[in-house]
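The values are calculated or read from the model by the stated rules, or taken from the named source; none is laboratory data. Since this is a predicted model, take the numbers as computed values, not measurements. Backbone-built Cβ (ideal geometry, glycine too); neighbour counts: all protein chains shown.
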Amino acid sequence: MFVKITSSDGRQYVKLVEAFRDEAGVSRQRVVATLGRLEAVRTGDSDALINGLLRATGRASLDEGTGKVEFAPSLAVGDTWMLTALWRELGFEDSFRRVLRNRRQFDAERLLRVMVFNRLCDPESKLGISRWLEGTLVPHVPADTVTHQRLLRTMDTLDDCAEAMQSSLAGLLRPLVDEELSIVFYDLTTISVEGTTTLEDDLRRHGMSKDGLIRRQVMLGVVQTADGLPIHHEVYEGNAAETRTLVPTIERVLQHFPIKRVVLVADRGLLSLDNLEEISKIKVGDRPLEFILAVPARRYGDFDTLLDAFHTETCQSATHEVMSEFGWQGHRLIVAHRPELAAELTGRRRARIAELEHEALRLTDKLEQQDAGKRSRGRKLSDSGAKARFYQAVCDAHLASILRVDLSSDLFAYDIDEKMRARAERIDGKLVLITNMPDHTPQEVVARYKALADIERGFRVLKSEIAIAPVFHRLPQRIRAHALICFLALVLYRVLRMRLRAHGGQYSPERALEIARRIQMHQVTLNQRHSAAGLTTLSDQQRELFDAVDLPVPVRNAL
């Protein structure tokens, strides 16, 4: 005899069935007894019968059990719980689900959430997310519903709904910013990509990366508020001219946010004096684009006269940061000098020059000993070899404008350009800014520029903690979707940072997620029948952390 489960009218029944042979020797089955509906058996209605059979065979009853205890692998849940609570509190769940609804036969919002959380918790490829979920529990997302193909389909859906997603995100972020934004910051970075194939409308183009190398890449522009909250992003081809990305990006931001004015704050890598005239022609609405542009003063000799006077009259005797303002080609030229930074840079340069002079003396001594017929250890040194070796060391130290190696001479020779060294020391510790903002004091202009460092830190977060690069996707829509996923992760990261800072700033977002990750789900099975699950008991540190970010602590029955 054996147990058989049958179906009838949509219900399942458990029956005791006997196999036999009829008079003709044909194998048949007949129902000996119907034990009841399947759900009733599972809830214990047939336990008495099962216990009787176990006793008849000399085995322990269900209540007595087998004595075996099994522990399932623990699942990290504290960090994903924190991000889920923040995701819901910001309104992302309901808003994004409305945008992505009816696009696929699965819940695309849940899969988007998984990809965003993975960027913050343990950045993996889309294939690697399944491995991540083996040790992680994302609340309300069954791991078996997350497949590689569904993740890719979700990315395609994101690109199809890109405009609606951006509008929805802008509406959700407005409560987090000032009622009327006064100033936003814009910066551009390069994201390296992999692959050698070429597609139509390919975003992957060869261009100059931020580290000075020619590589295949895409360009990512990010707009953020003065408080450091990212509010918009755009993806451009890897060889796009940086100045040409400004107008379309700004126009899109103006469509979604009530911005009074746009101030472009750019470092030395984004813009230069060579395209200052082009920047001055850009208009935002009916007013010109305002800008604060850092100038690499060492590259331009136009400012030497102004800086010399400022250095002699003010900087040499300064004990703290000093500032001055000059007029230059119809714009304001703001110069800030930090004496402690100047002393550090000057001292470092002088030490490096002394090391190079010592190396030059060693090479000269070796050449002279060789000319005198004295032998020394190592290969024989020639004047051309000494020149090449010393010139390379000078270039590596970025001192070629001061230590001048005579490459045209047959003999090894160099000299120090004292005029260029004095010029370099005059520029040390100085920040030179050009702006067309009429209503900001020099101190305010400098403060606005220094706030740009925050958006650059955001790029570092994208490239390190969130691991946006390298990008292995080749299709343009997948690259744009990948950028959106990483941008949403950056938004969550910055909101966490804002809340932590408001509470005193004891933890960084990375540290906060690390502490929360220690909260895990544990499951144990007793006697192969009774199971229990629970969460790690929260420590005082973990409770204080959830209080700091103003989010509820994990609860077992809410997972």
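The number of residues in the range 73-127 that are of a type outside the set (Asp, Glu), closer than 23 Å to HIS522 by Cα and not in a helix (DSSP H, G or I) comes to 5.
For the range 192-211, the tally of residues that are more than 19 Å from SER464 (Cβ to Cβ), without any contact (Cβ under 8 Å) to a residue 40 or more places away in the chain and not in a strand (DSSP E or B) stands at 3.
Per-residue answers, yes or no, for (1) surrounded by fewer than 17 Cβ atoms within 10 Å (Cβ to Cβ); (2) assigned to a strand (DSSP E or B); (3) of a type in the set (D, E, K, R); (4) assigned by TED's automatic domain parsing to the domain that holds LEU462:
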residue: MET498; (1), (2), (3), (4): yes, no, no, no
residue: GLN506; (1), (2), (3), (4): yes, no, no, no
residue: ALA512; (1), (2), (3), (4): no, no, no, no
residue: ALA516; (1), (2), (3), (4): no, no, no, no
residue: MET521; (1), (2), (3), (4): no, yes, no, no
residue: VAL524; (1), (2), (3), (4): yes, yes, no, no
residue: ALA533; (1), (2), (3), (4): yes, yes, no, no
residue: ARG543; (1), (2), (3), (4): yes, no, yes, no
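Based on this model, can you work out whether ARG268 counts as in the same structural domain as PHE459 (by TED's automatic domain parsing), modelled with pLDDT under 80 and in a loop (DSSP other than H, G, I, E, B)? Give the derivation first.
Details: in the same structural domain as PHE459 (by TED's automatic domain parsing): yes; modelled with pLDDT under 80: yes; in a loop (DSSP other than H, G, I, E, B): yes.
Yes; evaluated as a whole, the condition is true for this residue.
Can you tell me which residues in the range 384-411 are crowded, with 16+ Cβ neighbours inside 10 Å and not basic (Lys, Arg)? Hits for the range 384-411 are ALA386, PHE390, TYR391, ALA393, VAL394, LEU399, ILE402, LEU403, VAL405. Identify the residue in the range 417-432 that is more than 40 Å from the chain's Cα centre (by Cα) and not charged (D, E, K, R) and, among all such residues, is surrounded by the most Cβ atoms within 10 Å (Cβ to Cβ). This residue is MET420. Just checking, how many residues over the range 282-299 are assigned to a loop (DSSP other than H, G, I, E, B) and not basic (Lys, Arg)? So the count comes out to 7. Comparison of LEU367, LEU361, LEU356, LEU345 shows that the only residue that is in a helix (DSSP H, G or I), farther than 30 Å from ILE427 by Cα and not assigned by TED's automatic domain parsing to the domain that holds CYS315 is LEU367. Applying the criterion of at least 1 residues that are under 15 Å from ILE353 (Cα atoms) to the strands (runs of 3 or more DSSP E) found wholly in the range 398-450 leaves 403-405, 414-416. Are any residues in the range 214-263 under 20 Å from the mean Cα position of the chain (by Cα) and small (Gly, Ala, Ser), and if so, which ones? Correct list: GLY221, ALA226, GLY228, GLY238.
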